Amino acid sequence: MEVVRPRLVVAAVHSGSGKTTIASGIAAALAARGLRVHPFKVGPDYIDPGYLGLAAGSRADSLDTWLTGEETMKKIFLSASGGADVSIIEGVMGLYDGGAGGVSSTAQIAKLLRAPVLLVIDVRSMGESAAAIAAGFRDYDRGVALRGVIINRFGSENHKKMVCDAVRRAGLPVLGALPRNKDAEVRERHLGLLPVEENDDGRYIETVRKMTESSVDLDALLEIARGAPPLGELQAPAARAEKKAKIAVARDEAFSFYYPESVYALEAAGAEIINFSPLNDEKIPDCGGLIFGGGFPEVFAARLAANGPMKESVAAAASSGMPIYAECGGFMYLTREITDLDGAPHRMAGVIPMRCRMNDSLRTVGYVSARALSDSVVAAKGESLRGHEFHFSSAEEEEEIPHAFEFTKNRGGETYSAGYAKGNVLGSYLHLHFAGFPRAALRFVEKCAEYEKRVLRRRLPPE
């Protein structure tokens with residue numbers, strides 16, 4: 001039986017057009033009507049989903065065909081959107097931008113999900129050219145169901161009328177027009193928008209909700225979303241394994257980059273997830289393994305460095321053989337030192353014999369393939385995973401170290417060895433989605449279960 005899922009993609013001409021503002025405003029305005037809204041974000045993004053989830057009053061999930069593959073991406077959408085009255089899907093970059101060959105572009109995912117698309121056009125310093133852009137985006141790939149345009153950041157009523165009239169003459173409906181509004185802009189720093197964990201007082205969402213309600217034809221958007229064609233059959237979720245191990249996940253202002261479905265994949269493999277804070281707690285919880293996700297350890301480096309008991313607890317866990325998996329910001333925390341953007345050094349956990357330094361420009365961004373150079377807590381030697389890198393910092397080796405992966409960039413094909421894997425510790429700049437690699441989730445959970453059994457045996461009194 002085919003599944004009905006009202007849905008709408010909010011795409012844009014380019015990054016910075018205002019997709020997050022408009023998608024969040026639509027989600028908040030529809031939720032204020034009493035509708036159950038489930039938001040999604042296309043691409044490897046951790047920050048925008050926070051705003052979408054805050055606006056909708058629910059979590060936001062990520063859709064990415066590189067990190068999970070096409071079929072798993074569809075399953076994530078069908079599963080997460082169940083029970084929602086409408087799904088709002090924010091695109092990534094420009095409509096047709098993605099990895100090599102358009103992988104995981106907004107257009108690719110819209111076509112795979114047979115979802116209607118709205119195009120956001122930032123019309124600052126632009127007049128009737130907006131109509132040519134809209135027509136070009138419509139005609140570039142007729143397989144994309146481009147159903148209308150939202151004009152963003154017009155400067156005056158005359159400017160608004162000029163642009164809207166031109167777009168309509170090009171044969172596309174204008175479904176909303178929003179003025180320039182400084183209050184609707186989220187502050188940014190080096191990795192993009194300020195995370196919602198540091199900006200969750202609700203005022204921003206209230207501002208964009210009111211602006212959207214007065215500027216966007218929400219009834220027309222709902223009609224388009226409800227007219228989306230049915231999707232393929234919904235498969236029953238896989239049975240979850242019995243709980244095998246407790247895994248503690250670092251989650252606070254410094255470490256917040258996690259995909260919900262990635263965590264669920266660990267749970268499906270038998271993990272009992274518990275959260276802890278390297279910023280605020282004095283020691284790690286009683287557990288069989290640790291996960292440190294990405295985030296902003298460089299912003300909170302002084303506080304992390306000052307929490308000596310936590311650093312000692314992490315180092316002791318590593319010395320005892322506890323499985324530890326760390327991505328990007330988490331990897332930085334496990335090294336000996338982080339030099340922040342002001343040039344100040346801060347002592348970290350010291351598990352990995354490297355030092356990290358923040359730079360004033362982006363070092364690496366994009367999709368990568370990662371071939372394991374040795375057996376580790378998530379992969380056997382020679383296995384390949386797919387992931388994403390995005391970091392301003394660079395890692396300096398203090399001695400010869402066992403690298404974790406050989407990376408190959410999706411665009412360009414450059415290869416390089418990086419990361420650290422020794423014993424049960426694995427840290428690198430790789431962002432992995434466990435839903436795309438359930439065998440990696442299972443391997444990590446089993447390693448944690450083995451550790452718990454060893455520790456329990458040590459604690460049992462002699463017979």
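Here the gap between SER374 and GLU400, fully extended at 0.36 nm per residue and compared with their Cα-Cα distance, gives a gain of 7.8 nm. Surface listing: THR72, THR106 arranged by accessible area from highest to lowest gives THR72, THR106, probe 1.4 Å. For the chain, with all protein chains in place and a probe radius of 1.4 Å, 48% of the accessible heavy-atom surface sits on carbon or sulfur.
Of all lysines in the structure, the ones whose alpha carbon falls short of 20 Å from that of LYS74, not counting any fewer than 8 places away in one chain, are LYS41, LYS111. Of the residues MET93, LEU78, PHE276, the one whose Cα sits farthest toward the positive end of the charge dipole of the chain, with +1 on the Cβ of Lys and Arg and -1 on the Cβ of Asp and Glu, is LEU78. Accessible area per residue was computed with a 1.4 Å probe on protein heavy atoms; VAL196 scores about 20 Å². Derived scalar couplings between HN and Hα for region 400-406 equal 5, 10, x, 5, 7, 9, 9 Hz in order, rounded to whole Hz, by the Karplus curve 6.51 cos²θ - 1.76 cosθ + 1.60 (θ = phi - 60°), x for Gly and Pro. Averaging the sequence gap over all C-alpha pairs within less than 8 Å and six or more residues apart, then dividing by the number of residues, gives region 374-463 a relative contact order of 31 percent. A cut-off of 5 Å between modelled amide H atoms, ignoring neighbours fewer than 5 places along the same chain, links GLU272 with LYS244, ALA245, LYS246, ILE247. Surface listing: GLU253, GLU397, GLU327 arranged by accessible area from highest to lowest gives GLU397, GLU253, GLU327, probe 1.4 Å.
Our coupling estimate for region 210-218, obtained by passing each phi through the Karplus curve with A = 6.51, B = -1.76, C = 1.60 and θ = phi - 60°, is 4, 5, 5, 4, 8, 10, 10, 7, 5 Hz, Gly and Pro reported as x. On a per residue basis, region 289-368 carries 33 Å² of accessible surface, using protein heavy atoms and a 1.4 Å probe. Dipole of the chain (Lys/Arg Cβ +1, Asp/Glu Cβ -1, origin at the Cα centre): which of VAL10, GLY53, LEU222 lies farthest to the positive side? Projecting each Cα onto the dipole axis, the largest value belongs to LEU222. Overall form of region 51-166: prolate. Here a/c, set by the Cα gyration tensor axes a ≥ b ≥ c, is 1.5 or more, and a/b is the larger of a/b and b/c. Of the residues GLY412, VAL37, LEU334, the one whose Cα sits farthest towards the positive end of the charge dipole of the chain is VAL37 (charges of +1 on Lys and Arg Cβ, -1 on Asp and Glu Cβ, taken about the Cα centre). Here the dipole of the chain is about 780 debye; that uses its Cα centre as origin and unit charges on the Cβ of Lys and Arg (positive) and Asp and Glu (negative). For ILE89, the residues whose amide H sits under 5 Å from its own are LEU8, VAL9, VAL10, PHE40, ignoring neighbours fewer than 5 places away on the same chain, with H placed 1.01 Å from N. In the complete set of protein chains, residue-level accessible area for ILE76 is approximately 10 Å², probe 1.4 angstrom.
Among THR207, THR415, the order of accessible area from largest down is THR415, THR207, computed with a 1.4 Å probe on protein heavy atoms.
Computed from phi, the 3J(HN,Hα) profile of region 94-111 under the Karplus parametrisation 6.51, -1.76, 1.60 (θ = phi - 60°) reads x, 3, 9, 8, x, x, 4, x, x, 4, 6, 6, 4, 4, 4, 6, 4, 5 Hz, with x in place of Gly and Pro. With contributions of -39500 (n - 2.57) from each DSSP H run of at least four residues, the per-residue ellipticity at 222 nm computed over the chain stands at -9500 deg cm²/dmol.
In summary, the lysines within cross-link reach of LYS283, defined as a Cα separation below 20 angstrom excluding same-chain residues under 8 places away, comprise LYS246, LYS311. ARG251 sits with roughly 100 Å² accessible to a 1.4 Å probe, with DNA, RNA and ligands left out of the calculation.
Computed over protein heavy atoms with a 1.4 Å probe, the accessible surface of region 1-70 works out to 28 Å² per residue.
The values are calculated or read from the model by the stated rules, or taken from the named source; none is laboratory data. Keep in mind the model is a prediction, meaning the values are calculated, not measured. Backbone-built Cβ (ideal geometry, glycine too); neighbour counts: all protein chains shown. Quick note on the areas: whole protein, heavy atoms, side chains included, nothing else; ligands and nucleic acids left out. Shrake-Rupley method; radii C 1.70, N 1.55, O 1.52, S 1.80 Å.
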